[in-house]
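J.: Structure incoming, see below.
The values are calculated or read from the model by the stated rules, or taken from the named source; none is laboratory data. Worth saying up front: this structure is predicted, and the values here are computed from it rather than measured. Here the Cβ positions follow ideal geometry from the backbone for every residue, glycine too, while neighbour counts run over all protein chains shown.
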Amino acid sequence: MTEQAVNREDTTAATESPCSPKAPTTANLRSSLSTAVARHIRFEKASFHTPGHKGRQAELFANQGADDYLQAANDLTELPGLDDLSAPTGVLADLEARAAALWQSQSAIISVNGATGALGAAILATASNGTHALVPRNAHRSVISALCLARLTPLWFAPAFDGEWGIWGESDCRTIDAALHEAVSRDCRIACVVVVSPTYAGARSDIKAIAAVTKKHGIALIVDEAHGAHWLSPKDRTKGAIASGADAVAHSWHKTLPALTQTGMLHLPAGSLIDSAAARSSISMLTSSSPNYLLLASMEKTLKLLESKENQARLQNLEALARHFRDKLTESGSFTSYASGGGNNPSHLLVKSSLHEASLIYEFLQDRGIFAEAVMGAGVLFMLGLGSEDIDVDLACEALFACENLPPATASAFPAFLKKAPAFEPLMPPHQAMLMKKESVETTQALGRIAAQCLSPCPPGIPILIPGQKITEEVLELVSDKTILVVAQ
């Protein structure tokens, strides 16, 4: 077991929460980040947030020889023999080919800008096909950025909204079909359709049914599958976007997989309507010309792990851990886990209590070294990864059950969360608003103005305000920023 894992199980590892650090001074500013990281590692006992290695990379990669690939000597650049990420023909091309074979796609393109870069590249690669894009209300902020760069005007559709949990759920093929027919009636040329599956909360959409609709219309389907890269078991693979008819699939390799943060992959399945050369050109536009070889090395080690027989056991263990977590929670009458109508991503558990609101639970766990991913709607999101272990789930359940003993809050004490989809009034395309003269105004003075920025708290990165959107009272209730960038009058 690694030193970090030992510290997690040692309840006396730290007494000071890393969430209330002393304000850095000029004298200690240069060391404040490393100090904060070290403090967090000492304090954290169980990780239910990204990255998926959970601090256990040394254990996960133990069978691959030396685990010191992160040493500075390996921080190289695109030298002879190390290939060129913008046009790979050597070792990086081999890595992509192996990834395509494992996920059974026609081609795979490395992203050292995470799923963000992969998703943006797919959208940019379709820009010449139309003037508009059909986009879900729960799209990640990277989609908005890509639309601005591609100068595509979004046409919005609404996935299912779960008012009990206050979150967006799965996308429906009938909603998308109706939206495409409406676009045709308005003479809008749709370049692509974007769908998020699984969602941040774990909801899965029927991609096969959605792909049948987009193929009928002859439009490329781009799936943000950032949280589903681990779907490699035969059962999960058939429900994944690559096997279900998507034209492009964006994966993150650090959310549930054990590669370093900022790694991802863009897959183009067989029969894709998106040209691979256009996709590679687009991803190069969104990527540093000096890619980090430590990130690339972590991807190769992750790929080798996933190709091994050991991986099948780890994937099965991930599902078993999720079942164990849910089963233990059912022992309590106060905790409920989110269930989507379209099925759930087993690695993600959104949990709420009938006794306490989500923020209280999140902070209660945090004070005990149990770090969940986020408060989301009415629940707390727990994310498992290939690095998760039984001890993590046991520690989380122990803390959750201890939380039950707190005095119950009255219903009125629970802070409000969205029980219906927020109203949405786009007044101009995002790219148009971004190119106009802007001014910063106090949030209290922003009512009725047109937004010139994207506000999207991360996690989950779903915008509450996009460029070109009218700022309403409902929007302002969701904004914590003191100022907002708006289109100048």
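J.: Output the residues belonging to segment 345-363 that are touching a helix residue (DSSP H, G or I) at 6+ places or on another chain (Cβ under 9 Å), under 24 Å from Pro51 (Cβ atoms) and not aliphatic (A, V, I, L, M).
T.: Residues satisfying the conditions are Asn345, Pro346, Ser347, His348.
J.: Could you check Leu329 against (1) at pLDDT below 95; (2) hydrophobic (A, V, I, L, M, F, W, C); (3) part of a strand (DSSP E or B) and say which number it fails?
T.: Leu329 satisfies every listed condition except (3).
J.: Residues Leu386, Leu395, Leu360: which one is buried (at least 19 other Cβ atoms within 10 Å of the Cβ) and outside any helix (DSSP H, G or I)?
T.: The unique qualifying residue is Leu386.
J.: Suppose the filter is more than 30 Å from Ala358 (Cβ to Cβ) and out of contact with any Ser or Thr (no Cβ under 7 Å at 6 or more places or on another chain); does Ala122 pass it?
T.: Yes: the conditions hold for Ala122.
J.: Out of segment 123-170, which residues are under 24 Å from Arg186 (Cβ atoms) and of a type in the set (Phe, Trp, Tyr)?
T.: Matches in segment 123-170: Trp156, Phe157.
J.: If you scan segment 98-143, which residues turn out to be surrounded by 24 or more Cβ atoms within 10 Å (Cβ to Cβ), among the β-branched types (Val, Ile, Thr) and farther than 29 Å from Leu294 by Cα?
T.: Thr126, Val135
J.: Looking at segment 416-430, which of its residues are out of contact with any helix residue (DSSP H, G or I) (no Cβ under 7 Å at 6 or more places or on another chain) and either surrounded by 14 or more Cβ atoms within 10 Å (Cβ to Cβ) or in contact (Cβ under 8 Å) with a residue 12 or more places away in the chain (or both)?
T.: Listed by number, the residues that qualify are Phe417, Leu418, Lys419, Lys420, Ala421, Phe424, Glu425, Pro426, Leu427, Met428, Pro429.
J.: Return yes when Asp224 is among the acidic types (Asp, Glu) and more than 18 Å from His140 (Cβ to Cβ) and no when it is not.
T.: no
J.: In addition: Scan segment 435-450 and give yes if some residue there is polar (S, T, N, Q) and either part of a loop (DSSP other than H, G, I, E, B) or in the same structural domain as Gly369 (by TED's automatic domain parsing) (or both), otherwise no.
T.: No, that holds for no residue.
J.: Restricting segment 330-344 to residues that are of a type in the set (Gly, Ala, Ser) and either surrounded by 16 or more Cβ atoms within 10 Å (Cβ to Cβ) or in contact (Cβ under 8 Å) with a residue 40 or more places away in the chain (or both), which is nearest to Leu355 (Cα to Cα)?
T.: Ser334
J.: Then there's this: Answer yes if at least one residue in segment 309-324 is outside any helix (DSSP H, G or I) and either without any contact (Cβ under 8 Å) to a residue 60 or more places away in the chain or surrounded by fewer than 17 Cβ atoms within 10 Å (Cβ to Cβ) (or both), and no otherwise.
T.: Checked segment 309-324: no residue is outside any helix (DSSP H, G or I) and either without any contact (Cβ under 8 Å) to a residue 60 or more places away in the chain or surrounded by fewer than 17 Cβ atoms within 10 Å (Cβ to Cβ) (or both).
J.: For segment 145-168: of the residues being closer than 26 Å to Val380 by Cα and among the aliphatic types (A, V, I, L, M), which is surrounded by the most Cβ atoms within 10 Å (Cβ to Cβ)?
T.: Ile167
J.: Of everything in segment 263-285 that's surrounded by fewer than 20 Cβ atoms within 10 Å (Cβ to Cβ) and among the aliphatic types (A, V, I, L, M), which residue is farthest from Leu124 (Cα to Cα)?
T.: Filtering segment 263-285 for residues that are surrounded by fewer than 20 Cβ atoms within 10 Å (Cβ to Cβ) and among the aliphatic types (A, V, I, L, M), the one farthest from Leu124 (Cα to Cα) comes out as Ala270.
J.: Give me a count of the residues in segment 45-66 that are assigned to a loop (DSSP other than H, G, I, E, B) and within 27 Å of the chain's Cα centre (by Cα).
T.: Total satisfying the criteria: 10.
J.: Condition test on Pro460, is it assigned to a loop (DSSP other than H, G, I, E, B), assigned by TED's automatic domain parsing to the domain that holds Lys352 and either closer than 30 Å to Glu319 by Cα or not acidic (Asp, Glu) (or both)?
T.: no
J.: If a residue has to be surrounded by fewer than 18 Cβ atoms within 10 Å (Cβ to Cβ), in contact (Cβ under 8 Å) with a residue 60 or more places away in the chain and among the aliphatic types (A, V, I, L, M) to count, how many in segment 36-83 make the cut?
T.: 3
J.: Specify the residue that is nearest to Val143 (Cα to Cα); the eligible residues are those in segment 462-489 that are among the small types (Gly, Ala, Ser) and touching a residue at least 24 places away in the same chain (Cβ under 8 Å).
T.: Among residues in segment 462-489 that are among the small types (Gly, Ala, Ser) and touching a residue at least 24 places away in the same chain (Cβ under 8 Å), the one nearest to Val143 (Cα to Cα) is Gly468.
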